[in-house]
1. Cβ-Cβ under 9 Å, sequence separation 6+ or interchain: first residue in the stretch 255-284 and over 12 Å from THR179 (Cα atoms), partner assigned to a loop (DSSP other than H, G, I, E, B) and among the acidic types (Asp, Glu). Which pairs?
2. Going through the stretch 30-41 one residue at a time, which ones are out of contact with any strand residue (DSSP E or B) (no Cβ under 7 Å at 6 or more places or on another chain) and without any contact (Cβ under 8 Å) to a residue 60 or more places away in the chain?
3. So for the stretch 226-236 (the condition being buried (at least 22 other Cβ atoms within 10 Å of the Cβ), outside any loop (DSSP other than H, G, I, E, B) and over 20 Å from the mean Cα position of the chain (by Cα)), does at least one residue qualify?
Amino acid sequence: MRIVIVTLYNSINSGSYLQAYSLKTYLESLGYDVFFFKNKARKPFLDLFFVILKSIVLFKFKNANFAYKKYRKFKKNQKVFKITSRINREDIVIYGSDEIWNIKRDNIKKYEYFFGNPAYNSLSFSPSINRSTKDDFANYPQLVENLKSIKFVSVRDYHSKKELEPLLSKNIQVTTDPTMLINFKKEGVSKNVNNIIKEKYILLYSYPNHFKNIQIESLRSFAENNNLKIVSSNHLFDWCDESIPTSPFELLELFKNAEYVVTDTFHGTVFSLLFKKKFVTYASDNIKIHELVKQFGCECTIIKTNSDFKELIKNQLDYEQISGKIKEKSHASQKFLKESLGALLNEKNII
């Protein structure tokens, strides 16, 4: 049986890539033939072109080189995805994960195929609306009708559930991010990745212009006092000791071997939990991160911009309990997938 996943799979973004990879890997373990629906929501080559052009204009040639190397690594890893430009009536369609229902993003809402189609037998698995609300969806009644056609609906967070249930008039289950469906060590996804950094280091996983001077000074002071390097993998930061353009699996290796992690992203927080790291997350007003740490009882990892994190980052997290919760939620999400797919298959056979 062929499954077509409608999600963001070709971003030059490790979290986006790994959620797609994880869902594909789990479904294939169940015996399904998995394809990704080709979409235009992400244009990685065009993004690369503008980054390089801007970097050259500003004489920031290192930025251009960093972006190009990272792009090449992602393109190589994306070869594991089978892509299709059409969905057949006999296919089963899965919508999600990632923010494919974030109606506030122009490069999402203009593509109706993210929001369902009555012609398909479909379910959703862990999409998110991020900060969008039911009032935002009120301006797009056709997209709401399309969402209603999805037979079995799950979302990644309780905010999405709370906002969408009244619109869709159906029960919505909260499932895990797909990266929690599989065991990365067991799957051997990084077996061909070398230990990139030999020294002890703090891994920074963030985006440009997110860190203020007070945060940088606090981080550098902690690193110097503990004889640690500061390593960034996501972007080039001149205040880090080293910035490495990594593939998604090289990033996982960096998480696995880091002494500490500092992040302000959803997937940075997810990977910190999966690899049982001492970490802090600058959650700010990020609904996704606040919900995530609350689910796993590690609210103590959230830090404010003007805080000195040298004590917070040493917080001892109960990873036996956290790993138990991850396992429990992963099993519940796997059960949702198996039962929903089984029901759709039975329905097809009856027809």
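The values are calculated or read from the model by the stated rules, or taken from the named source; none is laboratory data. All values derive from a computational prediction rather than experimental measurement. Using ideal geometry, Cβ is built from the backbone for each residue, glycine included, and neighbour counts are taken over all protein chains shown.
1. Listed pairs, sorted by first residue: LYS277/GLU259; LYS278/GLU259; THR281/ASP264; TYR282/ASP264; ALA283/ASP264; SER284/ASP264.
2. GLY31, the sole residue that qualifies.
3. yes
For every residue, the table says whether it meets (1) under 18 Å from the mean Cα position of the chain (by Cα); (2) at pLDDT below 95; (3) surrounded by fewer than 24 Cβ atoms within 10 Å (Cβ to Cβ).
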{"site": "ARG89", "(1), (2), (3)": "no, yes, yes"}
{"site": "SER97", "(1), (2), (3)": "yes, yes, no"}
{"site": "TRP101", "(1), (2), (3)": "yes, no, no"}
{"site": "LYS109", "(1), (2), (3)": "no, yes, yes"}
{"site": "SER128", "(1), (2), (3)": "yes, no, yes"}
